[in-house]
1. When you go through (1) at pLDDT 95 or above; (2) assigned to a strand (DSSP E or B); (3) crowded, with 21+ Cβ neighbours inside 10 Å one by one for Glu19, which number turns out not to apply?
2. Under 7 Å by Cβ, and 6 or more places apart or on different chains, what pairs join a residue from the stretch 1-13 that is surrounded by 15 or more Cβ atoms within 10 Å (Cβ to Cβ) with one that is in a helix (DSSP H, G or I) and of a type in the set (Lys, Arg)?
3. Kindly indicate the residue of the stretch 57-89 that is hydroxyl-bearing (Ser, Thr, Tyr) and modelled with pLDDT of 95 or more and also nearest to Met102 (Cα to Cα) among those meeting that condition.
4. Counting only residues that are assigned to a loop (DSSP other than H, G, I, E, B) and farther than 10 Å from Cys65 by Cβ, which one in the stretch 78-89 is farthest from the chain's Cα centre (by Cα)?
5. Hey, can you tell me all the residues within the stretch 97-108 that are at pLDDT below 95 and not acidic (Asp, Glu)?
6. Kindly provide the set of residues from the stretch 111-138 that are touching a strand residue (DSSP E or B) at 6+ places or on another chain (Cβ under 6 Å) and within 15 Å of His26 (Cα to Cα), ordered by number.
7. Scan the stretch 27-46 for residues that are free of Cβ contacts under 8 Å to residues at least 60 places away in the same chain and over 14 Å from the mean Cα position of the chain (by Cα) and jot them down.
8. Filter the stretch 38-57 for residues that are out of contact with any strand residue (DSSP E or B) (no Cβ under 6 Å at 6 or more places or on another chain) and in a loop (DSSP other than H, G, I, E, B) and give the result.
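The values are calculated or read from the model by the stated rules, or taken from the named source; none is laboratory data. Keep in mind the model is a prediction, meaning the values are calculated, not measured. Cβ placement follows ideal geometry from the backbone for every residue including glycine, while neighbour counts extend to all protein chains displayed.
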Amino acid sequence: MKKILFVDHEKCVGCRSCETACSLYHEDMCRNSASRIQVLKWEKEGIDLPTVCQQCEKPMCREVCPVGAPYRDEATGAMLVDYEICLGCRMCMAGCPFGAIMWDDAEHKVQKCDLCGGEPKCVRFCEPKAVDYVRHTAAVLAKKRAIGARYSELLSKYGE
């Protein structure tokens, strides 16, 4: 059974350890802007919201890509990007309903969560367990949908 990243924003304390772990793993440096998980912060409201690819069953990133660069890794279930054919047009960014695909100015390419090959580093270093890697079950999906609805509500209320 596949596993998914499960984010519970109510547990997030805004420490950004997940971003640091991700950037260290992928970039060999602390460059949180290149992290595949991003913590959106609303200081005044006291809200910290980890945002990461949801590895959608029907990925809009793949649907909108003119060359089909996003593809699913069969071993992990992660949506990956084939950089050999990626045009850098950023349509996948526009298509992602969660805003979980970022543009890396330093590398001049899109960045998204690849689940670290099945061992997500963000999970290992998230002390409050706001990010977890769990089996893909109906109960988890129901909770994930509820959190997604809350996420959407927060973005509508506090988003730019």
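1. For Glu19, the failing item is (2).
2. What qualifies is Phe6/Lys144.
3. The selected residue is Tyr83.
4. First, pick out the residues of the stretch 78-89 that are assigned to a loop (DSSP other than H, G, I, E, B): 78, 82-89.
Next cut, farther than 10 Å from Cys65 by Cβ only: 78, 83-84, 88.
Working: Ala78: 11, Tyr83: 18, Glu84: 22, Gly88: 19 Å.
Within the stretch 78-89, the match that is farthest from the chain's Cα centre (by Cα) is Glu84.
5. First pass over the stretch 97-108, keeping only residues at pLDDT below 95: 97-100, 102-108.
Within the stretch 97-108, Pro97, Phe98, Gly99, Ala100, Met102, Trp103, Ala106, His108 qualify.
6. The answer is Gln111, Asp114, Pro120, Cys122, Val123.
7. Hits for the stretch 27-46 are Glu27, Asp28, Met29, Cys30, Lys41, Glu43, Lys44, Gly46.
8. Here is the first cut: in the stretch 38-57, the ones out of contact with any strand residue (DSSP E or B) (no Cβ under 6 Å at 6 or more places or on another chain) are 42-47, 53-54, 56-57.
Selection gives Glu43, Lys44, Glu45, Gly46, Cys53, Gln54, Cys56, Glu57.
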